[in-house]
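Just so it is clear, none of the values below were taken in a lab; they were calculated from the coordinates. Just so you know, these numbers come straight off a predicted model, no measurement behind them. Here the Cβ positions follow ideal geometry from the backbone for every residue, glycine too, while neighbour counts run over all protein chains shown.
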Amino acid sequence: MAYHQCRWNYNDEDDVRSVNNGFEQYQIPLDVIWLDIEHTNGKRYFTWDTSKFPDPEKLQDDLAIYGRRMVTITDPHIKKDDGYHVYAEAKSHGYFVKTKDGADYEGWCWPGSSMWLDYFNPDIYKWYSQRFTYEAYKGSTPNLFIWNDMNEPSVFNGPEVTFPKDIVHYGGWENRDVHNIYGMLQHMASFNGLVDRSNGNTRPFVLTRSFFAGSQRTTAVWTGDNAAQWSHLKIAVPMLLSLSVTGIPFVGADVGGFFNNPDPQLLVRWYQAAAFQPFYREHAHIDTARREPWLFGDENTRLIRQAIEQRYSYLPYWYTLFYKQEKQGIPPMLPLWANFPRDKNTFRAEDSFMIGNGLLVCPVTEADTNQVSIYFPGENTVWYDIRTFAQHNGLERGLINVNMESVHLP
């Protein structure tokens, strides 16, 4: 629920420690540092590039001293390499999905030639969950959690960049019938593996890109590869609301945009907006410029720090809302109409949203603006600005002055 720092890729242990020290030096809160695919030995998941990460256990232990955790990525494609223990064992047991002719399906993804596990088979599902034990995943510790990406699955040379529709899964199911379930089974197996790793004593964290009905039980979801554009910041609000009301509550979009380089104003506004969205992670493509919060000048560093600190100040509220979601199924992030269904004007509001029933959020999503128009819902309802304590009556629209410090929270 707190702040996560990610990019494709933090280069090595020294780079991770430098980023960690930067958050300390600039007094910016942080809970998790993420490693993308380059941390592995040649895109072989459940391994480490030992030239860059010679002692991952110590690295995780050192981060834990600061109260921080690490997340590594495990995509579903398995590099075709007889010397890779995960591939060799899966191949020997016939664990890969099949073509219509009964052969192991082979496609192309980040490692090159790859195979895909058939999670529909209960034995394979269990075997994959066991890859997360400390014995199987060398270099992992209780402070390491998991990110499942590319799990639609993405197949670079496949039709529509995924499995052919006639790929055969366990039970004789063709992919055309069960496509959307594949990614869910991977992240469920990851979740169960982390639960079993701690003998059920620690709540796991898993992030997935692919999901299905029921995914909310075991994973967080992000919206995929967005771009550093104002339009992408703006569209994140209705996207996350749509996910929330369809039962996927722990959702977020990459802060700053995954592709391209945000200008400082866009980056600050994104940090401010995402501080009031359920999953809060900055992430960037390998070809983008570095964008840790302190790289944009003192004033922008201050503004980003302020946004992240505001997120942390509301963590007890977030925790309460997620507990309510667990017990009652009510997502933390809601469209206005969910709390004010009798107010017909709320059904047109896509630029603002509710966090629980107490916070109305209207992020600034346009460049160089000094005013935002906000609709205040609810008959006989009074809203108060958390910065100025100005009063606004329900069923009215207000034109509110903003500056670079503003995320409007009446």
Determine the relative contact order of segment 48-176: mean sequence separation of Cα pairs under 8 Å and six or more apart, normalised by residue count, in whole percent. 30 percent
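Across the chain, where is the longest run that never hits GluC sites (Glu not before Pro) in a DSSP loop with at most 15 other C-beta atoms within 10 Å? Numbers along the way, then the final one.
Values: sites that count: 106, 135, 350, 366, 379, 405.
Looking at the chain, 136-349 is the longest stretch - no exposed GluC sites (Glu not before Pro) with at most 15 other Cβ atoms within 10 Å.
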Search the structure for amide H atoms under 5 Å from the amide H of residue 255, placed 1.01 Å from N in the peptide plane, and list their residues when 5 or more places away or on another chain. 281, 282, 283
Expressed in nanometres to one decimal, the distance between label points 7 Å along Cα→Cβ at residue 259 and residue 135 is 4.5 nm
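Return the FRET efficiency for the residue pair residue 385, residue 309: r is the Cβ-Cβ distance, R0 is 22 Å, and the value is rounded to the nearest 0.05. Write down the numbers at each step before the final one.
Numbers: r = 19 Å, r/R0 = 0.84.
Efficiency, from the Cβ-Cβ distance: 0.75.
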Quick one: 3J(HN,Hα) in Hz for segment 326-337, Karplus 6.51/-1.76/1.60 with θ = phi - 60°, rounded, Gly and Pro as x. 4, 7, 10, x, 8, x, x, 9, 9, x, 4, 5
What nm value, rounded to one decimal, do you get for the distance between residue 61 and residue 327 when each label is placed 7 Å out toward the C-beta? 4.0 nm
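Would you mind ranking 65, 304, 400 so that the residue whose beta carbon has the fewest other beta carbons within 10 Å leads the list?
Numbers: 65 8, 304 26, 400 18.
If I rank by nearby Cβ atoms, fewest first, I get 65, 400, 304.
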Using the count of nearby Cβ atoms within 10 Å as a rough guide to exposure, how do 287, 166, 62 rank from fewest to most? 287, 166, 62
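Are any of the pairs 52/79; 91/138; 52/98; 58/126; 138/324 more than 25 Å apart by Cα-Cα distance, and if so, which? Please list the in-between numbers first.
On the way: 52/79 20 Å; 91/138 21 Å; 52/98 36 Å; 58/126 29 Å; 138/324 37 Å.
Table pairs above 25 Å Cα-Cα are 52/98; 58/126; 138/324.
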Collect residues whose amide H, placed 1.01 Å from N in the peptide plane, falls under 5 Å from the amide H of residue 48; neighbours closer than 5 in sequence don't count. 41
Least to most buried among 82, 225, by other C-beta atoms within 10 Å and fewest first, runs 82, 225
Considering all alpha-carbon pairs of segment 331-401, what whole percent are spaced by more than 18 angstrom? 35 percent
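How many percent of the alpha carbon pairs in the chain exceed a separation of 35 Å? If you can, show how the numbers build up before the last one.
Working: 25450 of 83845 pairs.
Summing the P(r) tail past 35 Å for the chain gives 30 percent.
Report the equivalent ellipsoid semi-axes for segment 73-195 in whole Å, largest first, defined as the square roots of five times the eigenvalues of the gyration tensor built from alpha carbon atoms. Walk me through the intermediate numbers first.
Numbers: eigenvalues 104, 46, 40 Å².
Computed over segment 73-195, the values are 23, 15, 14 Å.
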Relative contact order (%) - criterion: Cα under 8 Å, at least six apart; region: the chain: 13 percent
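What do you get for trypsin sites (Lys or Arg not before Pro) in segment 118-226 restricted to DSSP loop and a cutoff of at most 15 other Cβ within 10 Å of the site's Cβ?
Values: sites: 126, 131, 138, 165, 176, 197, 209, 217; in loops: 138, 165, 209.
Answer in residue order: 138, 165.
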Filtering chymotrypsin sites (Phe, Trp or Tyr not before Pro) in segment 333-410 by DSSP loop and by at most 16 other Cβ atoms within 10 Å leaves 389
